[in-house]
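First comes the structure, then the notes that go with it.
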Amino acid sequence: MIARAPLDNAFGDRLETYRERVNRRLAQAISNGDGTPRRLRAAMEYSVLGAGKRVRPLLAYASGELAGVAAESVDAIAASVELVHAYSLVHDDLPAMDDDDLRRGRPTTHRQFDEATAILAGDALQALAFETLSTDDVLASHPAAARLEVVAWLARAAGPAGMVGGQSLDMEAEGRRAGEAALENIHRRKTGALMRASIMMPSLLADMPAAARDKLDAFSRNLGLVFQIRDDLLEVEQDTVTLGKSAGSDRANDKSTYPAVLGVDGARARAHELHKHASAMLESLGPGADGLAWLANFILRRSS
Ligand code: GRG
């Protein structure tokens, strides 16, 4: 869970409102599927509506604040990135991948239900993300070309050059010691692409100067790596109960991680360096970027 307002910025006061908004939109998206079989729906709800931090939706709302896009227009985007994220976690936990038993403090979806149901729930969540984006009533009031661009960003982020490609490279690298460049290439895709899309998608609904959009993009690309390095560090710093997922699973799966490649201190230093570059990108974007700055600080320092 994200603790309220640890930093000196009012975005902390808006967190709960945004989390409630996206949770409502997620529940609505899942319940809209009238024809969904009962067990499949239960597995989808279990995978999505549990205690996630909702970092990607929060990034989308904060980006909406910067771009001047109303939260109502961001709701479907926020839900769609969380649906893709939830599907990725369900599939990542499967026996054929990381084979994990614990996620968000409770049994993984395949442990709670069964493997086939978990595979199908993940598949369904991914499709639901695109249905949510393409059928949302509020998004329908924006120009069709911008909406199409939004859908394309999510598809690219989730797809073979993005998250799935990153996961594939990550699995190929198991048991081998990757260098920092290879590690960065994996994580720009696996974790970074969806975070980047979460930040960039709302901006596509606004008339933003190209230079500002480029800065936002540079911010988002650095932030994804900060998130991943912190995730790797948490695996070595925290126990399983605090983490709510299996600590040490990277080591058990013989994965190259930032602490393994750079050392713990080296990984911390790299996260700070990337965070500094990311924050510098926001400086000229004005007070509208305060929410993104708050989230960047949270991501650098998070403890779960
Ligand atoms: C299976 C197609 C496929 C992709 C899986 C992102 C991913 C690719 C797997 C997740 C593995 C993992 C733990 C990556 C590290 C970064 C990450 C995505 C952490 C979990 O995200 P949080 O901390 O999770 O935002 P919550 O539970 O808070 O939503």
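Here are the numbers:
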item	result
Environment charge at Pro209 (Cβ cut-off 15 Å; Lys +1, Arg +1, Asp -1, Glu -1)	-1
Per residue, in Å², the accessible surface of the range 11-301 once ligands and nucleic acids are set aside, probe 1.4 Å	41
Within-12-Å neighbourhood charge of Leu154 [Cβ basis; K, R +1; D, E -1]	+1
Computed [θ] at 222 nm, helices only, for the chain once each DSSP H run of length n ≥ 4 contributes -39500 (n - 2.57)	-22000 deg cm²/dmol
For Gly266, net neighbour charge (Lys/Arg +1, Asp/Glu -1) across residues whose Cβ lies under 13 Å away	-2
Under the Karplus curve 6.51 cos²θ - 1.76 cosθ + 1.60, θ = phi - 60°, whole-Hz ³J(HN,Hα) for the range 69-74, x wherever Gly or Pro sits	9, 4, 4, 4, 7, 8
Inverse of mean 1/r across different Cα pairs in the chain, Kirkwood, Å	19.4
Amide H partners (placed H, <5 Å) of Leu204, local residues excluded	none
Sulfur and carbon atoms: percent of accessible area, the range 149-304 [1.4 Å]	52
Most mobile of Arg39, Arg54, Arg14 in a GNM of the chain (Cα contacts under 10 Å)	Arg39
Other-chain or far-sequence residues with amide H under 5 Å of Leu102's (modelled H)	Thr108, Ser246
Ordering of 73-85, 277-289 by burial proxy (mean other Cβ atoms within 10 Å per residue, highest first)	73-85, 277-289
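The values are calculated or read from the model by the stated rules, or taken from the named source; none is laboratory data. Just so it is clear, the structure is predicted and the values come from calculations on it, not from any experiment. Cβ sites come from the backbone with ideal geometry, for glycine too, and all protein chains shown count toward neighbours. We work out accessible area using only protein heavy atoms, side chains counted, and drop any ligands, DNA or RNA first. Shrake-Rupley method; radii C 1.70, N 1.55, O 1.52, S 1.80 Å.
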